[in-house]
Amino acid sequence: MLNRLRDRAAALAPSASAGESRAAASTAPIYLIAMAGYPNYGDELIVARWLKFFARHLPNTDVWLDVREPGNASSIFKGMHPRLHVTNTVFRTLFEHQHLGKQHPAEAVRNLGTPLFDLGLLDLREAGTIHLVGGGFINAEWPEQKALVDMMRAVREVSGAKLVATGQGLMPFVGETFVDFDHVSVRDTPSADALGITRGFDDAYLDQHPATPAESAPGKDALEVFVCVQNDAVDDGAHEAMVDFARRQLQQWDIPRERVRYVEAIPGNDHAGYAALQDLIAEDGFIPFTRFWRSDFAYAPHQLWLTSRFHHHLMASLHGARGVALSGKAGYYDVKHGSIIESGSNWKLFTGSEAPVHLADLQVPADFAPVVEAKNKEAAEIYL
């Protein structure tokens, strides 16, 4: 049986010279690996930023997007790049190894022998660049995801593909991961210190146009409040603590209920927070992910945010909004939110015991134009 699998792999695989030629070609496909498609607002936002960057600069290059839920992703990213192909080959290979006991994902890349999806692995092996886009999923919280990096290295062994990882959050640290990649960037200082590199920024800052910083905070009568309290990936008791704090914080701010909205980032997972706080939310104030994603929601300086979701914090502060970030997992979400505060959001951080914040104590965010410029420069250095 093993010999038959090897024979089949040899028959299907392109020659080394053909693979090298494709990897070297300027039009070789780009292959993105991402956690998008679940959906989760932050993961979707990161992929959207890269797809729009490629659409503007590389519209004639094939872009493969490998995610866990390709059906959802096809709808979420519809029309964002003219040569987009959505698949789940990498994640299917990982699933079959973890749950069905089949060969290690890296071996599957090298040798094929996965008849139901060898064609997908061939597409992976024909890419010129394999790019693990940003997020906080290569760390000790989910150590099994490190196999994604092993697969990327296996592709390079076959074809010589360029390996890229951007906007990574590696805390809690799982160990050296990207030492031999062609390009690596991380979005927080602890991750940078762990790798011994200069800190970079989250991928969601790519191709953004931040608002001009407000010279002063809008008056209370002009304020709208937006809330999101998650119920996933948090420590025991953290959801209840965040909900309790959110209630006290909303009462402290005393903004009329009709100007308070609840913004869902992960459908279902975020609804428990709304259910617990809905007496303080406008009657028509629940904004589901589907409407939030498709409505071109406008972040603005007159907004106050109270959110545990990292990318709500990132996007709101980028556009001048003040707020309080809620951390529900020590060593993970406090690091994530801390990276935005360090970059200039000036938000307050709730980690479990802090008192509600007075409006007068919330500062307007700094100018994020240098951060946006740095992220666009990074993307250009990789691809242009």
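Just a few scattered comments:
- Charge dipole of segment 78-121 (Cα centre as origin; +1 on each Lys and Arg Cβ, -1 on each Asp and Glu Cβ, all else neutral): 200 debye, rounded to the nearest 20.
- Residue 255 accessible area, assembled protein chains, probe 1.4 Å, Å²: 20 Å²
- Each of the peptides 205-211, 160-166 was scored by the mean count of other Cβ atoms within 10 Å over its residues; in descending order, highest first, they stand as 160-166, 205-211.
- Set of lysines with alpha-carbon distance to residue 102 below 21 Å, sequence-local pairs under 8 removed: 146
- Ranking 302, 131 by solvent-accessible area of protein heavy atoms (1.4 Å probe, all protein chains present), from largest to smallest, gives 302, 131.
- Helical contribution to [θ] at 222 nm, DSSP H n ≥ 4, -39,500 (n - 2.57), averaged over the chain, rounded to 500: -12000 deg cm²/dmol
- Structure-derived Rg and Dmax of the Cα atoms in Å - corresponding label in (1) 20.3, 63; (2) 22.1, 70; (3) 21.9, 75: (3)
- Dipole of the chain, positive direction: furthest Cα of 87, 362, 119, with charges on the beta-carbon: 119
- Residues residue 220 and residue 353, FRET efficiency given R0 of 35 Å [Cβ-Cβ distance, rounded to 0.05]: 0.85
- Sulfur and carbon atoms: percent of accessible area, segment 119-259 [1.4 Å]: 47 percent
- Euclidean distance between Cα centres, segment 338-384 to segment 48-98, Å: 28 Å
- Only protein heavy atoms count here; under a 1.4 Å probe, residue 239 has an accessible surface of about 20 Å².
- Using every pair of distinct Cα positions in segment 78-149, the Kirkwood expression returns a hydrodynamic radius of 13.6 angstrom.
- Compared with the alpha-carbon gap, the fully stretched path from residue 271 to residue 294 is longer by 6.4 nm at 0.36 nm per residue.
- Largest to smallest in accessible area, the residues 50, 64 fall in the order 64, 50 (1.4 Å probe, all protein chains included).
- The aspartates and glutamates within cross-link reach of residue 377, meaning a Cα-to-Cα straight distance under 14 Å and a gap of 8 or more places when in the same chain, are 202, 203, 207.
- For segment 276-299 versus segment 148-204, the gap between their alpha-carbon centres in whole angstrom: 35 Å
- Residues in segment 249-288 that a label on residue 302 would reach, taking backbone N under 20 Å of a point 7 Å out along Cα→Cβ: 253-263, 281-287
- Relative counts (whole %) of C-alpha pair distances in segment 188-314, using bins that are 5 Å wide: 2, 9, 17, 20, 18, 15, 11, 5, 2, 0
- Segment 59-81 residues near the modelled residue 183 label - backbone nitrogen below 14 Å, point 7 Å along Cα→Cβ: none
- Distance between modelled label sites at residue 330 and residue 232, nm, 7 Å Cα→Cβ extension: 2.5 nm
- Long-range amide H partners of residue 226 with built H, under 5 Å: 261, 304, 305, 306
The values are calculated or read from the model by the stated rules, or taken from the named source; none is laboratory data. Nothing here was measured: the structure is a model prediction, and the numbers come from that model. Counting neighbours? That spans all protein chains shown, and the Cβs are built from the backbone with ideal geometry, glycine included. Each accessible area value is taken on the protein alone, full model and side chains, heavy atoms only, with ligands, DNA and RNA left out. Shrake-Rupley method; radii C 1.70, N 1.55, O 1.52, S 1.80 Å.
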